[in-house]
Ligand code: 6PG
């Protein structure tokens, strides 16, 4: 069951959930595996997290839900944003970025899948996946209209995606497959603004079609799913 938390401060509520999921995992298993998100909702959360001592920083294993095909120093890099805002608190060997600058993104996807299995075992299970919601219904870099957005990708784990036609930036992506979402112990999706209201309602309550609205993969998640949204984004629910 998806929980919906309607709050005034989305990033602050997401911090609470981040602490709960990672501290719980670290206490139970000695580590907390997290997939970070990109997009505009990510940076405010990371900036708040940076000054939070309740996060088990030294036990984190950091992965990325998706990445743009750019080098890590490019302002479009999801890794770059996270590094700048908070990753200095995590031991470098525990940061597993997707190499957006790789010349062969299919090979990079396979390498990253191997790294997930090596670090977390087979099949790998995340303790927390952070997500944003695209106004077109994408999550991760699973874009609407692509048949592969409907594939769980249990073997793949990480996939190379061609540049999206309708989403900025129009650069190729690497993305985790839905398998890592549906098996994660916790999924937290941050959604802000009235422009996301209709697609959030479609994601949670609309007729099911994961190709047309990949965010509907949330419905298949086995773990705890919390959608943290502001009143404007929740106005269609
Ligand atoms: C990315 C993201 C992507 C994002 C959504 C929402 O790399 O673009 O990981 O899935 O979360 O596009 O983005 P906003 O928060 O900017 O609306």
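FYI, it's all coordinate maths here, none of it is from the lab. Remember, predicted model here, so these are calculated numbers, not experimental data. Cβ placement follows ideal geometry from the backbone for every residue including glycine, while neighbour counts extend to all protein chains displayed.
Some observations on this one:
- Meets criteria (without any contact (Cβ under 8 Å) to a residue 40 or more places away in the chain and within 30 Å of residue 31 (Cα to Cα)) for residue 119: no
- Candidates are the residues of the stretch 17-37 that are touching a strand residue (DSSP E or B) at 6+ places or on another chain (Cβ under 9 Å) and surrounded by fewer than 17 Cβ atoms within 10 Å (Cβ to Cβ); the one that is nearest to residue 233 (Cα to Cα) is 20.
- Subset of the stretch 209-237 [assigned to a helix (DSSP H, G or I) and more than 20 Å from residue 10 (Cβ to Cβ)]: 214, 216, 217, 219, 220
- Filtered by the rule that a residue be more than 17 Å from residue 39 (Cβ to Cβ) and under 17 Å from the mean Cα position of the chain (by Cα), the stretch 214-237 gives 216, 219, 220, 221, 222, 223, 224, 225, 226.
- Strands (runs of 3 or more DSSP E) within the stretch 151-208 that include 2 or more residues within 11 Å of the ligand (Cβ to nearest atom): 173-176, 186-191
- Residue match in the stretch 129-136 (condition: surrounded by 15 or more Cβ atoms within 10 Å (Cβ to Cβ) and either on the phi > 0 side of the Ramachandran plot or away from the ligand (no atom under 16 Å from the Cβ) (or both)): no
- Residues of the stretch 38-62 that are within 14 Å of the ligand (Cβ to nearest atom) and surrounded by fewer than 24 Cβ atoms within 10 Å (Cβ to Cβ): 39, 40, 41, 42, 43, 44, 46.
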